[in-house]
């Protein structure tokens with residue numbers, strides 16, 4: 001592979017105050033080629049090791065990072081702005097949960113499949129490692145997103161090259177240092193600091209056997225285009241416009257508290273965050289009153305303050321785009337229920353601090369109800385019945401998660417089977433269970449991570465057929 005010359009350093013500009021939090025040298029072209037060759041060599045030996053050996057090292061890797069959760073959490077807050085009250089829990093909570101589960105199920109998920117016996121014949125299908133896996137991780141949940149692919153890839157016998165988003169490059173550095181500290185073989189796990197051009201060339205390199213990408217729809221198309229000249233799997237987790245439907249029989253307090261949190265946690269910067277809510281018209285006014293009351297309890301401010309519950313969005317451009325969608329909706333007739341002046345005690349020199357917002361009188365002609373906003377704003381519409389809710393929930397190019405809020409399990413199942421989505425929830429949202437496949441439909445992408453199914457994407461089936469009667 002060959003790429004053009006690269007700039008010297010990548011800069012992390014903190015959304016907290018606009019300062020340059022870190023500068024990290026880009027990986028130079030000869031070092032990328034060296035990393036590829038080392039990854040191939042390391043993978044060949046790693047694949048020979050028993051699963052128990054891989055599990056021991058992977059558990060040490062996770063434990064090393066969990067032990068640094070407070071320090072890494074503060075570092076993460078500086079990089080992407082999530083309040084420090086929450087960032088350490090990404091590492092000690094979901095990151096550990098997902099890794100532990102994928103390590104635990106590996107022996108079963110990677111076991112030989114044996115069909116019905118046949119006389120004088122031994123036959124089985126064995127999941128084989130792919131080789132070098134290239135993971136491209138996003139900034140909004142940088143440890144969670146990375147671990148979804150890294151641990152199962154390693155457990156399956158692959159080596160991993162990681163490119164982390166520029167905004168959270170120190171997460172990639174922390175992962176690489178942990179791998180070195182616990183004794184991963186040289187070349188087995190490498191973090192590369194890459195430009196878009198370098199990434200594109202690496203995706204197209206013959207040494208890469210699989211790409212796992214999390215990011216925008218446009219980014220997913222670029223990844224797919226870069227991989228088109230060789231036959232590899234490309235896993236793409238892209239956008240979301242996740243809906244919720246609150247039926248008349250819902251537990252209102254549970255629904256409001258969870259949906260408001262699902263919309264505003266991480267300043268709404270979540271692929272599976274709640275962006276649109278449909279409420280049975282009989283409880284619509286009450287739902288709105290409760291949702292506004294809960295929203296007004298948020299404390300917008302410096303995320304390094306342990307009492308802050310809502311931090312800045314990732315950068316000024318993102319804030320401007322979110323506000324433009326709000327303004328466009330209001331220009332078309334939407335009504336904003338939250339007065340931003342209630343949150344103006346925060347200093348906002350960077351233009352990244354945004355008050356949470358709830359919009360009503362919205363419809364699907366507005367971007368706020370049709371395209372991913374990725375910010376602290378929720379559109380809410382009344383509906384007459386289940387059929388109308390289903391029609392509106394499906395009126396989207398995306399399909400990552402959807403939820404229904406009801407006390408009727410059978411009704412929830414009947415609704416869920418009609419929704420075009422990867423995961424359907426009853427009475428919960430904005431959650432990823434590692435025992436279930438994480439996948440989507442439409443512009444949300446393709447492929448699956450986590451669960452037993454996630455191992456299928458990181459291995460290839462190889463059939464063995466032995467004639468024992470010869």
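The values are calculated or read from the model by the stated rules, or taken from the named source; none is laboratory data. It should be emphasised that the depicted structure is a prediction, and the values quoted were computed from it without experimental measurement. Note that each Cβ is placed from the backbone with ideal geometry, even for glycine, and that neighbours are counted across all protein chains shown.
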The lone condition residue 144 fails out of (1) crowded, with 22+ Cβ neighbours inside 10 Å; (2) under 30 Å from residue 196 (Cα atoms) is (1)
Show the residue pairs meeting these rules: Cβ distance below 6 Å; 6+ apart or different chains; first residue within the stretch 87-102 and surrounded by fewer than 22 Cβ atoms within 10 Å (Cβ to Cβ); second residue outside any helix (DSSP H, G or I). 101/434
If I filter the stretch 309-331 for residues that are surrounded by fewer than 17 Cβ atoms within 10 Å (Cβ to Cβ), touching a residue at least 12 places away in the same chain (Cβ under 8 Å) and more than 28 Å from residue 81 (Cα to Cα), do I get at least one hit? no
Quick one: residue 279 ticks every box in (1) assigned by TED's automatic domain parsing to the domain that holds residue 166; (2) more than 25 Å from the chain's Cα centre (by Cα); (3) assigned to a strand (DSSP E or B) bar one, so which box is it? (1)
The number of residues in the stretch 413-458 that are closer than 20 Å to residue 395 by Cα, part of a helix (DSSP H, G or I) and touching a residue at least 60 places away in the same chain (Cβ under 8 Å) is 1
Any residue at all in the stretch 283-293 that is assigned to a helix (DSSP H, G or I) and within 30 Å of residue 447 (Cβ to Cβ)? no
Quick check on this structure: which one of 359, 337 is surrounded by fewer than 20 Cβ atoms within 10 Å (Cβ to Cβ), within 29 Å of residue 293 (Cα to Cα), in contact (Cβ under 8 Å) with a residue 24 or more places away in the chain and outside the structural domain of residue 145 (by TED's automatic domain parsing)? 337
Search result, residues across the stretch 311-335 that are at negative phi and either over 29 Å from the mean Cα position of the chain (by Cα) or modelled with pLDDT under 95 (or both): 330, 331, 332, 334, 335
Quick check on my filter: what residues within the stretch 314-361 are more than 19 Å from residue 299 (Cβ to Cβ) and in a strand (DSSP E or B)? 335, 336, 359, 360
